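The values are calculated or read from the model by the stated rules, or taken from the named source; none is laboratory data. Computed from a predicted model, the values in this text were never measured in an experiment. Virtual Cβ from ideal backbone geometry, glycine too; neighbours counted across all protein chains shown. The accessibility values were calculated without ligands, DNA or RNA, using every heavy atom of the protein model including side chains. Shrake-Rupley method; radii C 1.70, N 1.55, O 1.52, S 1.80 Å.
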Amino acid sequence: MPAIVLVGAQWGDEGKGKATDLLGDQVQFVVRYQGGNNAGHTVVIGDEKYALHQLPSGVLSRHCVPVIGNGVVIDLAALLEEIDEIEARGVRCDKLLVSANAHLIMPYHRALDKVSERFLGKAKIGTTGRGIGPTYGDKVARVGIRVQDLFDPGILQQKLELTLRDKNQLLTKVYNRRGIEAKRVAQEFTGYAERLRPYVADTGLVIGQALDAGANVLLEGAQGTLLDVDHGTYPFVTSSNPTAGGACVGAGIGPTRISKVIGIIKAYTTRVGSGPFPTELTDATGEWLRAAGGEFGVTTGRARRTGWFDAVIARYATRVNGITDLFVTKLDVLSSLDKIPVCVAYEVDGKRHDDIPMTQTEFHHARPVYDYLDGWAEDISGAKALEDLPAAAQAYVRTLEEISGARVSAIGVGPRRDQTIEVNPLL
Ligand code: IMP
């Protein structure tokens, strides 16, 4: 079986952790391919709840190799802490592999993320403040620090001195902050080297060999399509490529190895941080949806913005990712509504758009055009098959499928692993 990509079809937080975890039993490798500890996956197994930030969800499956690919940016202190915490709960991380080419989030990246957001004022992006943007910026500017640099203290010190030369100018002269000493950072990071060493590998090679040997490899995206730096609502995006194309780059495999792209999509929509959101509900209904869905960030605890399902976005995600199957999550949250609005198109300055408008300005002006679908009152959290769902819930799913352009293969009806209806086999 070739590689499968699991991608968020909205603005992140679609419930990808649940899907990955569900597939974790059937795959031998789970690879994170972008993002860093801005992400947060909640996985519920039995009565245990795990909040994962940098560790791939595959870590919870004993026969699975969790891989942090080259496209990920790593906060080392946070990763080692996450490993300690999860091991203290009896989950072993000894199979974890970390790419030698992954870039490291350094203290100055975090500092710059925070000060630059503050300086943007009302135009701020609403980042997680974890240093993600500045780390990817340095990667592209070719002044980044990679995992492999930890094992060559001379090189590490040299690179740090070079990059801190202008970073410190920025920090002290533009942002009025204290400068950062290369020597101290080098010391801190060489201190992590020995703990990290057993995990470090040429992960692209390992994944390639695994695929050659017939292993199932799951490529797990963080964030979502609309947060993609190329295909999202720029500039209100993250600094990596969560879309399926990014999976190849961030894992180090070719596109011909991918056989399936599973889009994870919530039965409604949420977004964290700033930026346009056509179906957003800023009223009491939005608050109800937030409470009903428990829409608070796993990583930052921030309240998520909430809104109705947006088919324009779903169709877009299907197209840019080449989604073959949709996994609709949190359908149970919508139970008890009389009518459920679903956005089928936008109206922009009096003109109907079935697709996302070309420019940022038009997208900011987009008003949702709604269809109103019948709701259902029954508790659906125990449903095991599509037929167990009330007729209106089945119709809701079928409509989502039609307007999104990809078949619905799984439906989440509750947070637990077993609260999933598999309509078509995911593997
Ligand atoms: P950054 O990734 O911290 O630079 O933040 C950039 C944007 O992406 C902000 O709007 C964040 O709220 C958003 N973001 C980053 N990670 C996540 C995530 O895991 N879920 C939802 N939004 C995210």
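Per the conditions (1) of a type outside the set (K, R); (2) out of contact with any helix residue (DSSP H, G or I) (no Cβ under 8 Å at 6 or more places or on another chain); (3) open to solvent by less than 10 Å² (accessible area, probe 1.4 Å), the sole criterion not satisfied by E347 is (3).
Based on this model, can you work out whether G58 counts as surrounded by fewer than 21 Cβ atoms within 10 Å (Cβ to Cβ), away from the ligand (no atom under 16 Å from the Cβ), among the small types (G, A, S) and assigned by TED's automatic domain parsing to the domain that holds I253? When the stated conditions are applied, G58 does not pass them.
Among the criteria (1) open to solvent by less than 30 Å² (accessible area, probe 1.4 Å); (2) away from the ligand (no atom under 16 Å from the Cβ); (3) at pLDDT 95 or above; (4) in contact with a helix residue (DSSP H, G or I) (Cβ under 8 Å, 6 or more places away or on another chain), the one N101 does not fulfil is (1). The single residue among F363, F277, F296 that is under 25 Å from K124 (Cα atoms), hydrophobic (A, V, I, L, M, F, W, C), out of contact with any Lys or Arg (no Cβ under 9 Å at 6 or more places or on another chain) and within 16 Å of the ligand (Cβ to nearest atom) turns out to be F363.
Checked against the criterion of being touching a strand residue (DSSP E or B) at 6+ places or on another chain (Cβ under 8 Å) and under 21 Å from P198 (Cβ atoms), region 119-142 has no qualifying residue. The single residue among G297, G286 that is over 16 Å from the mean Cα position of the chain (by Cα) and either open to solvent by less than 50 Å² (accessible area, probe 1.4 Å) or among the polar types (S, T, N, Q) (or both) turns out to be G286. The strands (runs of 3 or more DSSP E) falling completely within region 361-427 that include 1 or more residues that are open to solvent by 40 Å² or more (accessible area, probe 1.4 Å) and within 26 Å of V27 (Cα to Cα) map to 407-412, 420-422. Taken over region 1-54, the residue count meeting the criterion of being hydrophobic (A, V, I, L, M, F, W, C), within 16 Å of the ligand (Cβ to nearest atom) and not in a loop (DSSP other than H, G, I, E, B) is 6. The residue pairs whose first member lies in region 61-83 and is part of a loop (DSSP other than H, G, I, E, B), whose second member is hydroxyl-bearing (S, T, Y), and whose beta carbons are closer than 8 Å, counting only pairs six or more residues apart or on different chains, are G69/Y33; G69/S99; G69/T203; N70/S99; N70/T203; G71/Y33; G71/S240.
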